[in-house]
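The values are calculated or read from the model by the stated rules, or taken from the named source; none is laboratory data. The structure displayed is predicted, hence computed values, not measured ones. So basically every Cβ, Gly included, is an ideal-geometry build from the backbone, and we count neighbours across all protein chains shown. When the accessible area is computed, the model is the full protein with side chains, heavy atoms only, and any ligands, DNA or RNA have been set aside. Shrake-Rupley method; radii C 1.70, N 1.55, O 1.52, S 1.80 Å.
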Amino acid sequence: MMNATIATPDASRNIVANKGFGIRRRSSGFWGENTRGSLNVRFPSTQPCKSFKASSLKPATARAVYSSDVNVNVESPATEGSVFQSPKANPENVAAIILGGGAGTRLFPLTSTRAKAAVSIGGCYRLIDIPMSNCINSGIRKVYVLTQFNSFSLNAHLSRTYNIKNGVNFGGGFVEVLAATQTPGESGSKWFQGTADAVRRFIWVFEDAKNKNIEHIMIISGDHLCRMDYLKLVEQHSANNADITVSCVPMDESGAYDHGLMKIDKRGRVTEFLENPNEADVNAMRVDTTLLGLSAEEAEKYPFISPMGVFVFRTEVLLKLLRWSCPSCNDLESEIIPSSLRDHKVQAYMFKNYWKDIGTIKSFFEANLDLTEQSPKFEFYDQKRPFFTSPRNLPPTRAIKCRIVDAIISHGVFLNQCKVQHSVVGLRSRLEAGSELQDTMMMGADFYQTDSEIATLLAAGKVPMGVGENTKIRKCIIDKNAKIGRNVIIANADGVEEADRPEEGFYIRSGIVVIVKNATIKDGTVI
């Protein structure tokens, strides 16, 4: 019995783009829905800034309230399917900044040796490929990637994938890495202090001659999963004559505690913006989401709206906020956006298609396994808007007498008389006879071991890469190059929620066992 998706490389392309028949969903109307591969690291000079204080803010809470003029004419917002036509945006006047430099502490241990945006997803992609591909498919060809923590593998992936010589060719555009660096001055002696501070350090880039025609700057989180036409967002931003547009998603009550929340008026203008809400805050942030085109039934289920980490700024507004209005604000969502509500026109853009924040081990695990469903909410396969990743020239996957049900099997995998169910199996993975994977995300390996190397290791009582004979694994994330021996059981039968066992090669987060990169799990081990 086989019900699986097996990805194989297309030698006719210079970039891997998995194809298939994706479901095209309508994008919201009023509310939303080739690159010159230079990887130039630049070193800016910055000015020291004073600390920002807001007496009305609670600890770990950012709140701002904008009160609309009661005498203004209130217009009914257009919703999905509206006849309102937005003016076409010129992608040449748009630049995108992708935030790829976060420490990713909530994704630890997957981020112990790599940036969050470099974490593997879907078998053969990395998280950075999501916003990068959305930029490409939206026609946005001026892309900057801000990096800081553990950026080596991220920089290498960007160089291999989005490079004119052997990667995606945007034609007339560019992808440039803006790497964290220290510069003269008090503030310059520190690393990036937050998302706003990171952009502020590179303000001079957008005053450069080649960027003189950039009218809008997009700032995009590098850790979410969605297929989005960014240009539609920019078009609506222009149609609203907005200073800032915040892309948002409808949210149910269970998710409201894990995300920032927003309130809007009947014109779609953001009136309140709250990060890290507590229970009392959540109850106060309910909105009538029928204003956003949701049905009464949907609005009852999703009474909140949450920012999704995609913003559009008019260039002069962003530069003014960072340099003059909020010179010491370090974070976009908790400081810059809330402090801009009163003096700037901040509009909401409702995105009603699939979106998933990949901020925790649990959400990362769920997002990967959701891809294996027979009718997934999100899939990488779309002929017209593919997702790109690094070309690898790997052989097709080989499966010998295997049972594969609801699974994604990536490139260059060897499966020998094993069972794989509701799992993602990454590049160059190897599963030996009698092994079983269930509800598991296996990232694969960075290189192959030859048959002779494997035989030598086994003869010496050592463990080769991959999953050994008769090993049973359930509800697990297996990081790259892991060596799991024979007759191992990984099932967390005791239901442990949190545990740190780095000396034994694993952690447990939210009940999910995480085998760390390069770990060795000896024969007969039970976790």
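Expressed as a rounded percentage, what relative contact order does the stretch 91-370 have, with Cα pairs under 8 Å and six or more residues apart?
Worked out over the stretch 91-370, it gives 23 percent.
Given the pairs 142/266; 142/320; 232/517, which are separated by over 29 angstrom at their Cα positions?
142/266; 232/517
How much of the calculated P(r) for the stretch 398-521 lies past 16 Å, in percent of all Cα pairs?
Value for the stretch 398-521: 58 percent of Cα pairs lie more than 16 Å apart.
For Cα pairs less than 8 Å apart in space and 6+ apart in sequence, what is the mean separation divided by the residue count of the stretch 398-521, i.e. the relative contact order in percent?
Relative contact order here is 18 percent.
Show me the ranking of peptides 473-480, 370-377, 451-458, 429-436 by mean Cβ neighbours inside 10 Å, starting with the highest.
Those peptides, ordered most packed to least, come out 473-480, 429-436, 370-377, 451-458.
In terms of the Cα gyration tensor, with a ≥ b ≥ c the square roots of its eigenvalues, is the stretch 91-370 rounded because a/c is under 1.5, prolate because a/b exceeds b/c, or oblate?
Since a/c stays below 1.5, the shape of the stretch 91-370 is classed as rounded.
For the stretch 288-401, what is the relative contact order in percent, using Cα pairs closer than 8 Å and at least 6 residues apart in sequence?
Worked out over the stretch 288-401, it gives 11 percent.
Round to a whole number: what % of the accessible area of the stretch 91-370 belongs to carbon and sulfur, probe 1.4 Å?
Taking all protein chains in place, the stretch 91-370 shows 48 percent carbon and sulfur surface.
Determine which aspartates and glutamates satisfy two conditions relative to residue 212: a Cα distance under 13 Å, and not lying fewer than 8 residues away in the same chain.
Residue 212 reaches 92, 316.
From the Cα gyration tensor of the stretch 337-468, with a ≥ b ≥ c the square roots of its eigenvalues, which class applies: rounded if a/c is under 1.5, or else prolate if a/b is larger than b/c, or else oblate?
It comes out prolate by the Cα gyration axes.
Within the set of other residues whose C-beta is less than 11 Å from the C-beta of residue 361, count the net charge using Lys and Arg as +1 and Asp and Glu as -1.
+1
How many angstrom separate the Cα center of the stretch 262-333 from the Cα center of the stretch 475-519?
Value for the Cα centre distance between the two parts: 38 Å.
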